[in-house]
Amino acid sequence: MTRAVSLYELAHARSGDKGNRLNIAVICREPRFFEPLRERLTEDFVAGVFRDRKPSAVKRYELPKLHAFNFVLDDVLDGGVNGSLGLDGHGKTLSFLLLSAEIEMPEGLLAPADEASPERMSGGSR
Amino acid sequence: MVAQQVWIGAAAGFAGDRPDSSGPLIEALARHDGPRFLIFETLAERTLALAQLDRLADPARGEVPSLKRLLWPALAPCAAAGIKIIGNFGGANPFGAAAKIKAWAAELGCAGLKIAVVAGDDLRGTFTAADFARLETDGTLLSREPEIISANAYLGADAIAEALDQGADIVVTGRVADPALVLGPLKHSFGWADDDWDRLAAGILAGHLLECGSQVTGGYFADPGVKDVPGMDVLGYPIAEVDPDGTFTITKPAGTGGLVDRRTVTEQILYEIHDPAAYLTPDAILDLTQVELTETGPDRIRVTGARGWPRPETLKATVCFDGGLLAEAEISYAGPNAKSRAALAIETVVKRLAHLHPSLQVRADLIGVVSVFGDTAGARLNATIPNFADGDLRVRFAAETADRAAAECLLDEVEALYCAGPAGGGGVRKRLTPRLRSASCLIDRKRVTPQISLLEMA
């Protein structure tokens with residue numbers, strides 16, 4: 001059994017830019033999400049999320065010790081902060097575009113539906 | 001004498017950062033003995049080119065424009081506590097900045113401070129436009145050999161370390177690799193060798209985590225209900241406590257807002273990183289794939305496992321040139337059928353410009369519906385337009401051109417929607433902004449010679 005959930009419920013993310021290249025660090029809220037996301041959150045999946053921006057390349061780097069992935073997307077910033085016609089030439093908001101993607105996850109890995117609210121997933125240490 | 005531990009605080013992560021961040025950092029650093037440093041990172045890619053334009057207008061200017069706002073509150077307390085200051089706030093005119101700092105220090109009654117200037121990053125005398133065109137990476141923006149406004153190499157930590165070795169209390173630089181602001185004082189304090197790659201890499205990682213200021217202490221992080229951050233209005237900026245072997249703890253001053261935990265540090269470790277096994281800097285190549293984070297107390301994360309590889313033979317340089325004009329104009333529609341009126345406004349302006357300036361590419365955004373997530377070609381907006389709900393909508397148009405008449409035409413056409421557009425269009429704002437474009441080059445490091453000059457105070 002699988003269930004579609006938004007990546008937002010499984011991970012947090014931060015985007016950064018250099019020129020026309022965007023990177024998005026995706027960090028699992030729980031270490032147990034790392035393996036299933038490694039199978040599902042592929043370069044092709046991320047390229048699909050950003051298809052409107054026509055990335056010329058999408059590369060994924062895995063960081064198992066940090067339960068994280070780093071995605072590097074080429075040529076998706078409309079020329080970058082000094083050339084873009086968009087409001088957010090840095091692409092700072094785009095981590096949340098990726099987090100809003102829906103992903104099929106095994107039911108058993110997810111918390112019961114009534115506990116799956118983001119509040120329960122904060123993964124905080126404090 | 002080799003230091004036992006070094007404390008480094010980061011008071012600014014960009015030129016527009018908060019000027020009151022340094023107060024709590026200085027208080028916290030002042031409680032320790034031994035080497036303590038306060039760094040200011042203020043040079044984004046474009047900041048230096050803007051500073052160069054300032055300098056062309058007035059030879060005394062060209063420093064980072066927020067220099068006084070950021071540095072003034074820190075100067076006297078740092079001098080009193082023996083905390084040394086390092087910043088790339090020299091921008092396009094490190095000597096001019098140093099002269100200003102010297103005058104302010106005198107005004108504040110800080111006697112005997114030694115100010116060092118690190119220069120040599122400016123490449124315009126060494127390379128021609130044709131050279132830069134040949135050396136460009138990741139693009140061909142320079143192939144037409146535009147008139148170059150600024151061209152600066154990212155210098156490494158050596159010159160900063162040497163300036164501190166010579167007794168500098170304040171080190172003013174232009175373009176340096178951001179982590180070098182931290183690695184420089186660490187090399188100075190611990191005497192790390194030039195080929196001690198793992199330690200250098202650890203220092204680079206500490207610098208990478210500090211260089212964006214509060215981005216490691218809860219800034220650019222808060223997501224209410226999911227990733228809560230206390231005290232965003234009084235965020236504490238970061239401190240690294242570094243041991244001689246390069247392991248370090250990231251923390252923040254007691255009593256400040258923000259937080260330091262695994263999540264804030266992990267997000268910042270990967271910020272603006274491409275290959276995590278090979279982060280290229282002038283001083284070493286950092287491999288952070290084996291980095292581990294340990295929570296050792298409230299707001300304390302110990303960072304271990306950085307590995308280093310020999311430094312590259314090339315240095316990165318950023319080259320800035322004229323980028324024409326950015327024209328932006330906005331108008332609002334709200335209430336019943338607002339979405340159709342907004343869509344008609346877009347259609348109208350795009351049709352008008354297709355007649356008047358056929359070569360001008362016009363971007364349209366619908367703020368609140370599709371804007372920052374959208375693409376300039378409009379694929380996402382066009383797919384969304386039939387389906388979104390009415391509301392309080394703001395239409396934005398943008399174009400870039402070297403042709404001022406075409407840029408002004410777009411602004412005029414949006415304003416004309418007041419009368420000749422759909423019903424109920426209001427709140428037009430329009431703006432023309434000169435642009436600077438930037439490109440990256442890789443240059444032979446042997447062609448770059450950092451220079452250190454010491455200004456003695458009376």
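Before moving on, here are some points about what is shown:
- Centre-to-centre separation between the Cα atoms of the range B:377-427 and those of the range A:1-60: 32 Å.
- Around the amide H of residue B:174, modelled in the peptide plane, lie the amide H atoms of B:118, all under 5 Å away and 5 or more residues distant in sequence or on another chain.
- In chain B, the longest principal axis of the Cα atoms and the axis of helix B:338-356 are about 90 degrees apart.
- Inter-label distance, residue B:446 to residue B:104: 4.1 nm, where each label sits 7 Å from its Cα along the C-beta direction.
- Relative contact order of chain B, taken over Cα pairs closer than 8 Å and 6 or more residues apart, is 18 percent.
- Reachable lysines from residue B:252, criterion Cα separation under 22 angstrom, eight or more residues apart if same chain: B:84, B:227
- Distance from the Cα centroid of the range B:162-188 to that of the range B:278-330 is 17 Å (rounded to whole angstrom).
- Using alpha-carbon coordinates, inclination of helix B:404-415 to the longest axis of chain B, degrees: 60 degrees
- Of every Cα-Cα pair in the range B:127-278, the percent that sits beyond 28 Å: 36 percent
- Subset of A:65/A:92; B:100/B:430; A:18/B:351; B:102/B:316 violating a 28 Å alpha-carbon distance limit: B:100/B:430; A:18/B:351; B:102/B:316
- Gyration tensor (alpha-carbon) shape descriptor, the protein assembly as shown, a/c threshold 1.5: oblate
- Between the amide H of residue A:93 and any residue lying 5 or more places away or on another chain, no distance stays under 5 Å, with hydrogens modeled in the peptide plane.
- Amide hydrogen proximity for residue B:323: with H placed 1.01 Å from N in the peptide plane, the residues at 5 or more positions away or on another chain lying under 5 Å are B:435, B:436, B:437.
- Whole-number percent relative contact order across the range B:319-438, with pairs defined as alpha carbons under 8 Å at least 6 apart: 50 percent
- Full-extension gain in nm, residue B:2 to residue B:58, via 0.36 nm per residue minus C-alpha separation: 15.8 nm
- Whole-Hz couplings from phi, Karplus 6.51/-1.76/1.60, listed for the range B:62-72; x for Gly and Pro: x, 6, 4, x, 8, 3, 5, 4, 7, 8, 3
- Using alpha-carbon coordinates, inclination of helix B:197-210 to the longest axis of chain B, degrees: 50 degrees
- The range B:59-143: relative contact order as a whole-number percent, Cα under 8 Å and 6+ apart: 27 percent
- Counting neighbouring Cβ atoms within 10 Å and putting the fewest first, the residues A:69, A:45 line up as A:45, A:69.
- Positive-end ranking of B:335, B:388, B:355 along the dipole of the range B:319-438, with charges on Cβ about the Cα centre, is headed by B:388.
Read-outs: derived from the displayed coordinates by stated rules, not from any lab. Computed from a predicted structure; not experimentally measured. Using ideal geometry, Cβ is built from the backbone for each residue, glycine included, and neighbour counts are taken over all protein chains shown.
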